[in-house]
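These notes concern the structure reproduced below.
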Amino acid sequence: MTSEPRPTRRRAPEVLPQSNDDCWCGSGRRYKRCHKGLEGRIEPGIVSPMRAVPDHIVKPGYAATGEVTRWNESAVKSPEIIERMRYAGQMAADILRLAGEFVKPGMTTNDIDVFVHDLTIERGAYPSPLNYHRYPKSVCTSLNEVICHGIPDSTVIEDGDIINLDVTCFVNGVHGDTNATFMVGDVSTEDRLLVKVTEECMWRGIEAVVPGRPLSDIGKAIEDHAKTHRMGVVRAFIGHGIGEQFHTDVQVLHYYDPRNNTIMKPGMVFTIEPMITLGTWQFHMWDDDWTAVTADGKRTAQFEHMVLVTDTGVEVLTAGPNAVSPGR
Ligand code: MF3
Ligand code: CO
Ligand code: CO
C-alpha cells in the first residue's frame, strides 16, 4: 500500500519547451497555448466539500440557501448595535491573528480554512463567508498575485509567499470583518515593502475618517500614499457598509473619486480595505467567478479594518491588542 503523495504546487522544469512543443504540464496542448509566460503563477487547486456548521450556532439568512436577501439598513447604527459590532470585530481580529500565527510553509490553504472554521464555531460564531452568494469556504485565502476572494483549496503555501487572510464572524446578529497579509518565511525585499505600504495605506485611510467630511477623503489619502511608492490601487473591489448585513450600500473607494461624496456621520460603520499592487491595478477573474488576480501576475497585498465614525473622529472596531494591525 502506498500513501497519497503530498500535494505540491505545479512547477515548470528548468528547461522550457519551444512554443510549438507540448506544454510541460502534461495537458497535451501546445506550450504557447498553455503555460507560456505563466510559470510561477497561482493556479486553481482542488476545493473540498463544504463543511457543516452545528445547529446551535445562529446563522445568517443566506447560510441555508446561498441566496443573499438585501434589506434597507441604516448606515448610522444604534449604540446597542455598535456594542454588538465591537464584540464581533474583536472576535474577527482575534481569529485573524491566530490564523496568521498558524500559517506555515507546506500546509494548504484548505488547512487554514479548517482552522478558521473550527475556531469561529468554538467561539459561538458563524463564519460569514460560508455560503455567502454560494462562496464555498469559511475564510478567503489570497496568495501572491491573488487580489482577494481566493478560495481555500489544495494549494500548498511555500516559503517566500505572501498570503492575505480575510476573516469575518457573524455573532449576536452582526458581522465583524477584518483582513491582513502575512509573510511566509523568507520574503523578498520588494514584497516586504508592498506589505508595509499596504498596511500604511489602510491607516492613512483610517486617519481620514472625520465626521462631516466626504468618504472620498479616504480614497484620496490611500491613493496619494500608494503613488508615492509607485504602487497601484485596485479599483474593482471597495470598502463597504456593514452591520446586520455583510455588505450594505455604503461604498468606500480606495482611490480618489469626487463622486464618492457621502458625508461621514457619527454612528456609521464601514470597512477600509485597500488592495495595493506592485504593477497594474487591473484584474482578471478566474472561471470560479471569485478569485481575482492581477492582470500582470505581479504581487498584491491587502489590509482591512472595520471602523466606526465617532463624534470627533474614528474608532477602529477590529483594532486593539488582539489585532494584527493593532493601531497607531
Ligand atoms: N470579507 C470580504 C470583504 O472584506 C468579503 C468576502 S465575501 C466572500 O468584503 F463571500 F468571499 F466571503
Ligand atoms: Co470587507
Ligand atoms: Co473582509
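The values are calculated or read from the model by the stated rules, or taken from the named source; none is laboratory data. Just so it is clear, the model here is predicted, and its values are computed rather than measured. We place every Cβ from the backbone using ideal geometry, glycine too, and count neighbours over all the protein chains shown. Just the protein is used for accessible areas: all its heavy atoms, side chains included, with ligands, DNA and RNA removed. Shrake-Rupley method; radii C 1.70, N 1.55, O 1.52, S 1.80 Å.
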>> Among the listed residues Gly205, Gly232, identify the single one that is within 16 Å of ligand 3 (Cβ to nearest atom), open to solvent by less than 70 Å² (accessible area, probe 1.4 Å) and in contact (Cβ under 8 Å) with a residue 40 or more places away in the chain.
In response: Gly205
> When you go through (1) away from ligand 3 (no atom under 11 Å from the Cβ); (2) on the phi < 0 side of the Ramachandran plot; (3) crowded, with 21+ Cβ neighbours inside 10 Å one by one for Thr168, which number turns out not to apply?
Replying inline: (1)
> In segment 190-209, which residues are under 19 Å from Val324 (Cα atoms) and either of a type in the set (A, V, I, L, M, F, W, C) or not in a helix (DSSP H, G or I) (or both)?
Replying inline: Leu193, Leu194, Val195, Val197, Cys201, Met202, Trp203, Ile206
> Could you give every pair whose Cβ atoms fall below 7 Å, whose first residue belongs to segment 252-266 and is over 20 Å from Glu304 (Cα atoms) and open to solvent by 70 Å² or more (accessible area, probe 1.4 Å), and whose second residue is small (Gly, Ala, Ser) and not in a loop (DSSP other than H, G, I, E, B), counting only separations of at least 6 or pairs across chains?
Replying inline: Pro258/Ser216; Asn261/Ser216
> Consider Asp296 against the criteria (1) in contact with a helix residue (DSSP H, G or I) (Cβ under 7 Å, 6 or more places away or on another chain); (2) surrounded by fewer than 20 Cβ atoms within 10 Å (Cβ to Cβ); (3) in the same structural domain as Val195 (by TED's automatic domain parsing): it satisfies all of them except one. Which criterion is unmet?
Replying inline: (1)
> Just checking, which of Trp290, Trp281 is in the same structural domain as Met85 (by TED's automatic domain parsing), more than 15 Å from ligand 1 (Cβ to nearest atom), over 25 Å from Val76 (Cα atoms) and modelled with pLDDT of 95 or more?
Replying inline: Trp281
> So how many residues does segment 127-145 have that are more than 14 Å from ligand 3 (Cβ to nearest atom), open to solvent by less than 10 Å² (accessible area, probe 1.4 Å) and either among the hydrophobic types (A, V, I, L, M, F, W, C) or assigned to a helix (DSSP H, G or I) (or both)?
Replying inline: 1
>> Given the options Gly150, Gly124, name the one that is surrounded by fewer than 17 Cβ atoms within 10 Å (Cβ to Cβ), in the same structural domain as Pro274 (by TED's automatic domain parsing) and closer than 22 Å to Ala323 by Cβ.
In response: Gly124
> Residues of segment 249-260 being more than 17 Å from the chain's Cα centre (by Cα) and within 15 Å of ligand 2 (Cβ to nearest atom), which ones?
Replying inline: Asp249, Val250
>> Please pick out the residue among Glu39, Glu67, Glu73 that is open to solvent by less than 70 Å² (accessible area, probe 1.4 Å), of a type in the set (Asp, Glu), part of a loop (DSSP other than H, G, I, E, B) and more than 17 Å from Gly173 (Cβ to Cβ).
In response: Glu39
> For segment 98-142, what are the residues that are in contact with a Pro (Cβ under 8 Å, 6 or more places away or on another chain) and β-branched (Val, Ile, Thr)?
Replying inline: Thr108, Thr109, Ile112, Val116, Thr120, Ile121, Val139, Thr141
> Has segment 210-218 got any residue that is hydrophobic (A, V, I, L, M, F, W, C), open to solvent by 10 Å² or more (accessible area, probe 1.4 Å) and part of a strand (DSSP E or B)?
Replying inline: no
> Would you call Lys227 assigned to a helix (DSSP H, G or I) and either within 16 Å of ligand 1 (Cβ to nearest atom) or surrounded by fewer than 20 Cβ atoms within 10 Å (Cβ to Cβ) (or both)?
Replying inline: yes
